[in-house]
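Structure first, commentary second.
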Amino acid sequence: MRTKSFAVSLATLLLAIGVACSSRDKAANGPSSSDLKDHVLKSLDSAGYKDVKVDVNRDKQLVTLNGDVNSDQDKQRAEQIAKDSAFGFVVSNEIGVRPENAKSDAKKIDSNMDKAIEHDFKAEIIANRLDSQHINYEAKNGVLTLTGKVKNAAVRDKVEGLAAKVPNVRQVVNEIDITGPQPAKTRSGSGA
């Protein structure tokens with residue numbers, strides 16, 4: 001009888017621990033990409049930003065906003081709403097500002113600015129002898145997104161710093177992966 005009671009208590013305890021760990025892991029992982037996208041879209045829609053599109057990259061913990069608004073103030077407000085709804089994900093604000101009376105001109109200006117950003121960033125990469133690295137970049141409405149692969153974290157950080165200094169860059173989104181070996185960790189958790 002005692003053994004049976006002990007076994008039942010142990011089984012109950014293990015079940016409770018399993019449920020607690022499962023709930024904690026789910027909470028730590030956050031919502032699915034589609035749930036997060038829906039949540040951000042609903043927040044934007046309720047604030048009147050129905051033309052703003054949302055994309056979620058869960059692996060990079062990145063929410064990207066696209067579309068057009070009438071003013072810089074609207075762009076900033078949409079970004080803040082997305083940040084408040086994005087569960088700590090980084091928000092890349094690629095929204096274009098297109099005033100009602102100058103939409104065509106605004107698109108041309110933004111396109112030319114983005115080309116200039118890309119041109120200036122390429123010059124920085126070459127000037128810093130980083131053109132042998134596998135660095136890709138794209139500018140959209142002042143957001144310079146970096147992708148590709150580099151050999152270590154120092155190079156990744158240097159590339160991001162160079163990107164941030166390019167004229168007219170409003171935001172840098174660094175999605176560059178590191179391909180080289182990472183430093184071994186010591187008992188204290190810092191790099192060797």
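The values are calculated or read from the model by the stated rules, or taken from the named source; none is laboratory data. If you're wondering where the values come from, they're calculated on a predicted model, not measured in any experiment. Every residue, glycine as well, gets a Cβ built from its backbone with ideal geometry; the counts of neighbours run over all protein chains shown.
Condition test on Asp177, is it over 25 Å from Leu41 (Cβ atoms), acidic (Asp, Glu), loosely packed, with under 14 Cβ neighbours inside 10 Å and under 21 Å from the mean Cα position of the chain (by Cα)? Break it down stepwise before answering.
Working: over 25 Å from Leu41 (Cβ atoms): yes; acidic (Asp, Glu): yes; loosely packed, with under 14 Cβ neighbours inside 10 Å: yes; under 21 Å from the mean Cα position of the chain (by Cα): yes.
Yes: the conditions hold for Asp177.
Quick check on segment 25-48: of everything there that is at pLDDT below 95 and of a type in the set (Ser, Thr, Tyr), which residue is nearest to the chain's Cα centre (by Cα)?
It comes out as Ser33.
Among the residues of segment 129-167, which ones are surrounded by fewer than 14 Cβ atoms within 10 Å (Cβ to Cβ) and of a type in the set (S, T, N, Q)?
Within segment 129-167, Ser132, Asn136 meet the criteria.
Only one of (1) assigned by TED's automatic domain parsing to the domain that holds Val52; (2) within 15 Å of the chain's Cα centre (by Cα); (3) touching a residue at least 12 places away in the same chain (Cβ under 8 Å) is not met by Glu138, so which one is it?
(1)
Please go through segment 136-175 and pick out each residue that is basic (Lys, Arg) and in a helix (DSSP H, G or I). Write out each step before concluding.
Residues of segment 136-175 that are basic (Lys, Arg), as a first pass: 140, 149, 151, 156, 158, 165, 170.
Correct list: Arg156, Lys158.
Criterion first (over 19 Å from Lys42 (Cβ atoms) and out of contact with any helix residue (DSSP H, G or I) (no Cβ under 9 Å at 6 or more places or on another chain)) does Asp68 satisfy it? Please lay out each step first, then the result.
Values: over 19 Å from Lys42 (Cβ atoms): yes; out of contact with any helix residue (DSSP H, G or I) (no Cβ under 9 Å at 6 or more places or on another chain): no.
No: the conditions fail for Asp68.
Looking at segment 163-182, I want the residues that are in contact (Cβ under 8 Å) with a residue 24 or more places away in the chain and have a partner that is part of a strand (DSSP E or B) and among the charged types (D, E, K, R) with Cβ atoms under 8 Å, at least 6 apart or on another chain. Which pairs are those?
Ile176/Lys149; Asp177/Lys149; Ile178/Lys149; Thr179/Lys149
List pairs: first in segment 105-117 and without any contact (Cβ under 8 Å) to a residue 12 or more places away in the chain, second not in a helix (DSSP H, G or I), Cβ under 6 Å, 6+ apart or cross-chain?
Ala106/Arg98
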